[in-house]
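Some notes on the structure that comes next.
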Amino acid sequence: MLFGKMNKYFAALVVLLFSAFPVFSQNVKIQIVAPKEFKGRKAILLTREKGFAAIVHSIKLNSDIFNLEIANDLVPDLYQLHVSQVKGSLFFFLESGAKIQLDTADVSRSIVTNSKSNPDWKLFQDSLQKPYDQRILDYAIGEKRARKERNADSLNFWVDKQAIEKEDFVRKTGEYIAKHPDSYVSLYLLKINWYAFKNDRLFEKLDKSLAGHRTYKFLEEKNRKAENPGVLGRRL
């Protein structure tokens, strides 16, 4: 009986807390340009978090202009666009005013304009991410071949190449963040690479114009805990 009463009080407290701190939303207007034969097809917007996807919006391509109600502190951020019956997915930074010229053969080749964040995202992808992915793929092929041939020296060579490449990519990603402190792309990159950069003081280099974003608040809390560990985390 006692636990039942406690659960009721806890539930009431949760409701009170959420009502005291309402989540404000904004109207995010985007344009998706597609041919007439795509009319009526479903497009899905997803957020990405450590490889997992969550549906944010499901819309039908009945017009070019779409108004989305999204929490104030969730844009700009990286989203994924998928269109039914079309291969590929577009990773882009969703922000109000963005225009997507849909590639009807492969969604991943769609062009995003009228956006401040997407040029930053394209720069990171073209200059760092894609070259890194290709080199890692080449090294992995070499490793697979060495394993098949049971060549220990060759195997160690390709494994070491991958390790060095990964370290270099992390370093270059940190340099990118430091050079683009006012970019939401840097905010996203710092979030997904937090443990690699938590001791590099990159968070302090972010511009305060990003402070209203949920990711900034998340990183601020992570940074605070890293600088002020609890008693159990302190050295005796």
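Which residues, counting only those in the stretch 87-104, are among the hydrophobic types (A, V, I, L, M, F, W, C) and either part of a strand (DSSP E or B) or without any contact (Cβ under 8 Å) to a residue 40 or more places away in the chain (or both)?
Listed by number, the residues that qualify are LEU90, PHE91, PHE92, PHE93, LEU94, ILE100.
Do the conditions hold for ASN67, that is, is it loosely packed, with under 15 Cβ neighbours inside 10 Å and part of a loop (DSSP other than H, G, I, E, B)?
Taking the combined requirement at face value, the residue does not satisfy it.
So which of LEU190, LEU202 is farther than 17 Å from GLN125 by Cβ and either over 18 Å from the mean Cα position of the chain (by Cα) or at pLDDT 95 or above (or both)?
One residue alone meets the criteria, LEU202.
Looking at PRO35, PRO22 in this structure, which one is at pLDDT below 95 and over 30 Å from TRP194 (Cα atoms)?
Exactly one of PRO35, PRO22 is at pLDDT below 95 and over 30 Å from TRP194 (Cα atoms), namely PRO35.
Does any residue of the stretch 112-129 turn out to be part of a strand (DSSP E or B) and closer than 21 Å to ASP64 by Cβ?
Within the stretch 112-129 (the criterion being part of a strand (DSSP E or B) and closer than 21 Å to ASP64 by Cβ), the answer is yes, since at least one residue qualifies.
Tell me whether the stretch 50-64 contains one or more residues that are among the aromatic types (Phe, Trp, Tyr), at pLDDT below 90 and either in contact with a His (Cβ under 9 Å, 6 or more places away or on another chain) or assigned to a strand (DSSP E or B) (or both).
Yes, there is a match, as at least one residue in the stretch 50-64 is among the aromatic types (Phe, Trp, Tyr), at pLDDT below 90 and either in contact with a His (Cβ under 9 Å, 6 or more places away or on another chain) or assigned to a strand (DSSP E or B) (or both).
Which ones in the stretch 174-192 are within 18 Å of PHE93 (Cα to Cα), in contact with a helix residue (DSSP H, G or I) (Cβ under 9 Å, 6 or more places away or on another chain) and of a type outside the set (Gly, Ala, Ser)?
Passing the criteria: TYR176, ILE177, HIS180, PRO181, ASP182, TYR184, VAL185, LEU187, TYR188, LEU189, LEU190, LYS191.
Within the set of pairs 6 or more residues apart or between chains, which connect a residue that is crowded, with 20+ Cβ neighbours inside 10 Å inside the stretch 183-204 to a residue that is acidic (Asp, Glu) with Cβ atoms less than 7 Å apart?
SER183/ASP120; TYR184/ASP77; VAL185/ASP120; TYR188/ASP77
Have a look at ASP126, ASP138, ASP133 and point out the one that is closer than 30 Å to SER209 by Cβ, acidic (Asp, Glu) and without any contact (Cβ under 8 Å) to a residue 40 or more places away in the chain.
ASP126
Please verify whether LYS166 is over 16 Å from ARG224 (Cβ atoms) and of a type in the set (Lys, Arg), treating the condition exactly as stated.
Spelling it out, LYS166 is indeed over 16 Å from ARG224 (Cβ atoms) and of a type in the set (Lys, Arg).
Give me the helices (runs of 4 or more DSSP H) completely within the stretch 162-234, filtered to those with at least 3 residues that are of a type in the set (Asp, Glu) and not assigned by TED's automatic domain parsing to the domain that holds ILE141, ordered by residue number.
Counting at least 3 such residues, we get no helices (runs of 4 or more DSSP H) at all.
Please work out if TYR188 is touching a strand residue (DSSP E or B) at 6+ places or on another chain (Cβ under 8 Å) and not hydrophobic (A, V, I, L, M, F, W, C).
For TYR188, the condition - touching a strand residue (DSSP E or B) at 6+ places or on another chain (Cβ under 8 Å) and not hydrophobic (A, V, I, L, M, F, W, C) - is met.
Would you mind finding the one in ILE177, ILE141 that is of a type in the set (Val, Ile, Thr) and loosely packed, with under 15 Cβ neighbours inside 10 Å?
One residue alone meets the criteria, ILE141.
Against the conditions (1) within 30 Å of GLY40 (Cα to Cα); (2) more than 17 Å from the chain's Cα centre (by Cα), where does ASP168 fall short? Just the number, please.
Checking ASP168 against (1) within 30 Å of GLY40 (Cα to Cα); (2) more than 17 Å from the chain's Cα centre (by Cα), the one that fails is (1).
The values are calculated or read from the model by the stated rules, or taken from the named source; none is laboratory data. The structure displayed is predicted, hence computed values, not measured ones. Here Cβ is always computed from backbone atoms with ideal geometry, including for glycine, and neighbour counts include all displayed protein chains.
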